[in-house]
1. Give the residues of region 76-91 that are over 14 Å from residue 58 (Cα atoms) and in contact with a Phe, Trp or Tyr (Cβ under 9 Å, 6 or more places away or on another chain), sorted by residue number.
2. Please identify the pairs in which a residue from region 200-225 that is within 27 Å of residue 174 (Cβ to Cβ) has its Cβ atom under 6 Å from the Cβ atom of a residue that is surrounded by fewer than 17 Cβ atoms within 10 Å (Cβ to Cβ), counting only partners at least 6 apart or on another chain.
3. Quick check, is residue 136 under 16 Å from residue 106 (Cβ atoms), among the acidic types (Asp, Glu) and in a helix (DSSP H, G or I)?
4. Quick one: in region 175-217, which of the residues that are surrounded by 14 or more Cβ atoms within 10 Å (Cβ to Cβ) and of a type in the set (A, V, I, L, M) is farthest from residue 39 (Cα to Cα)?
5. Could you list, in sequence order, all residues of region 218-228 that are in a helix (DSSP H, G or I), buried (at least 18 other Cβ atoms within 10 Å of the Cβ) and either of a type in the set (Asp, Glu) or at pLDDT below 90 (or both)?
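The values are calculated or read from the model by the stated rules, or taken from the named source; none is laboratory data. Keep in mind that this is a model prediction, so the values were computed, not measured. With ideal geometry, Cβ positions are generated from the backbone for all residues, glycine too; neighbour counts draw on all protein chains shown.
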Amino acid sequence: MAIVTAGFMSLTMSMMQPVAPIDALASDVQLIGANFAAAYNRCGARPSFLPNLKVETHPALISYEPSDRTVRVSRYSELPPELQGLMTGWAEAAGMEDSQTLFVDVFNSLLVPHELGHWAQHVSGRLAGLDRWESELEANRIAIAFWRIHETTGGALPARIDAFTGFLGRLPNPVPDGQDPRAFFNDNYETLDSMQYGWFQGALMQEAWTNPENVSFCELVQPEAVVP
């Protein structure tokens, strides 16, 4: 398994295959991480710790884990058939050529700075003080602000956001009538199924996109709050 280590820049390959070519997915994720780190550093602070970026297929598909400071990115070819089937429906709804193209664009690219946004919340000491809704919405705003800086690396941002939110927005709304979406999300976060969680992620990305609050990348990552 290829791992992008804490400096965002070094790629560690398996000792069993010293002559194997560099893993393309790990290299792509590494580049996004390096660009995120450069953008963060230009904000004028040096963080007390850096995240690991690791290619490791897991049920969440992409995530940041504070306990080991690691962003984990899944590989399409290792997904179970039922998940690949879901991606096929998503790709068709988004007008994309195939499910792997959609998965790579969303889970191996678009959302990587979202998870690095959670790292920025963590390293600043703010993560524990944010509720789930605040944390996810802010991470989406960080990702959007990052891609506005690096749009040429990922393609036209509006089209990427539309591909992400269009399908998820057509999932059934899990919020019972009369209940506040934010309160429901916070109260039920640990028990949401994949469809329910997907609906919320689509809604939170749409909220971040349509109401950006005109805040810069540096203001969003708040490097001045970095703790030793």
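1. Scanning region 76-91 gives 87, 89, 90, 91.
2. Matching pairs, first to second residue: 202/169.
3. Numbers: under 16 Å from residue 106 (Cβ atoms): yes; among the acidic types (Asp, Glu): yes; in a helix (DSSP H, G or I): yes.
So residue 136 passes the test.
4. Ranking the qualifying residues of region 175-217, first place goes to 175.
5. To start, the set of residues in region 218-228 that are in a helix (DSSP H, G or I) comprises 218-221, 223-225.
If we keep only those that are buried (at least 18 other Cβ atoms within 10 Å of the Cβ) too, we end up with 220-221, 223.
223, the sole residue that qualifies.
Yes/no matrix, rows are residues, columns are (1) of a type outside the set (Lys, Arg); (2) farther than 17 Å from residue 198 by Cα; (3) over 15 Å from the mean Cα position of the chain (by Cα):
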{"site": "78", "(1), (2), (3)": "yes, yes, yes"}
{"site": "84", "(1), (2), (3)": "yes, no, yes"}
{"site": "95", "(1), (2), (3)": "yes, yes, yes"}
{"site": "105", "(1), (2), (3)": "yes, no, no"}
{"site": "111", "(1), (2), (3)": "yes, no, no"}
{"site": "119", "(1), (2), (3)": "yes, yes, no"}
